[in-house]
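Visitor: The structure that follows is given in the form of structure tokens.
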Amino acid sequence: MGEDVLSTPGHLISLAARGFARLSESRLKPLGFGVGQLPVLVALQDGKASTQRDLARFAKVEQPPMAQMLARMERDGLIARTRDPADGRSSRIVLTKAAREGMPEAIATLFQGNNEALAGFTDAEAAQIVDLLKRLIGNLDRIAGTEA
């Protein structure tokens, strides 16, 4: 029983993720955005997804929570839904003008928070953290896929 469960990578990454989420949320809220909305906003901005199903896949969340998030984002004027010309039963989701105009400041705010959180790290160390976390996420996705 010599291992400290509070020093495991899983626990420490969880603490770091919650810290980043608190920091990002506190800085994004005054700009009209939420940290949970970021994958949706980025996917729509970059053209990587335009349907609820594709956004759910991109953000790695289930359909019901995605539907709730999109309803809130529509209510808050961040997205709009338009009929899909190829399939009248579904809709396409687009960023509103307000969301498009606010995104650059929100993204700059997030980068500033990341830079502050990585104070004292070299560029190489920061890049190594990103690489290691991507590999870790890949492993977790693979494990989750085999257990599903």
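Visitor: In the chain, which longest range has no GluC sites (Glu not before Pro) that are both DSSP loop (not H, G, I, E or B) and surrounded by at most 11 other Cβ atoms within 10 Å?
Guide: Counting at most 11 other Cβ atoms within 10 Å as exposed, the longest clean stretch of the chain is 63-148.
Visitor: Report the residue, chosen from A80, A119, A59, that carries the largest GNM mean-square fluctuation when the chain is represented by alpha-carbon nodes joined by springs under 10 Å.
Guide: A119
Visitor: Then there is this: Relative to the longest principal axis of the chain, what angle (0 to 90°, nearest 10) does the C-alpha long axis of helix 63-75 take?
Guide: Long axis of 63-75 versus the principal axis of the chain: about 60 degrees.
Visitor: Another question, if that's okay. In Å², and per residue, what accessible area does the stretch 22-148 have when probed at 1.4 Å with the other protein chains present?
Guide: Value returned for the stretch 22-148: 67 Å² of accessible area per residue.
Visitor: Trypsin sites (Lys or Arg not before Pro), restricted to the stretch 82-137: which are DSSP loop and have at most 10 other Cβ atoms within 10 Å?
Guide: Passing both the DSSP loop test and the Cβ count: no residue.
Visitor: Determine the distance separating the Cα centre of the stretch 85-148 from the Cα centre of the stretch 12-63; give it in Å without decimals.
Guide: Answer, in whole Å: 7.
Visitor: Let me ask another. Over the chain, what relative contact order in percent results from Cα pairs under 8 Å that are six or more residues apart?
Guide: Reported as a whole number, the value is 17 percent.
Visitor: For the stretch 3-81, give the percent of accessible area contributed by carbon and sulfur heavy atoms, probe 1.4 Å, rounded to a whole number.
Guide: 58
Visitor: Between the helical axis of 9-28 and the dominant principal axis of the chain, each derived from Cα atoms, what acute angle in degrees is found, rounded to the nearest 10?
Guide: So the inclination is approximately 50 degrees.
The values are calculated or read from the model by the stated rules, or taken from the named source; none is laboratory data. Bear in mind the structure is a predicted one, so any value in this text is a computation, not a measurement. Here the Cβ is made from the backbone with ideal geometry for all residues, glycine too, and neighbour counts use every protein chain on show. Note: areas computed on protein heavy atoms with side chains; ligands, DNA, RNA excluded. Shrake-Rupley method; radii C 1.70, N 1.55, O 1.52, S 1.80 Å.
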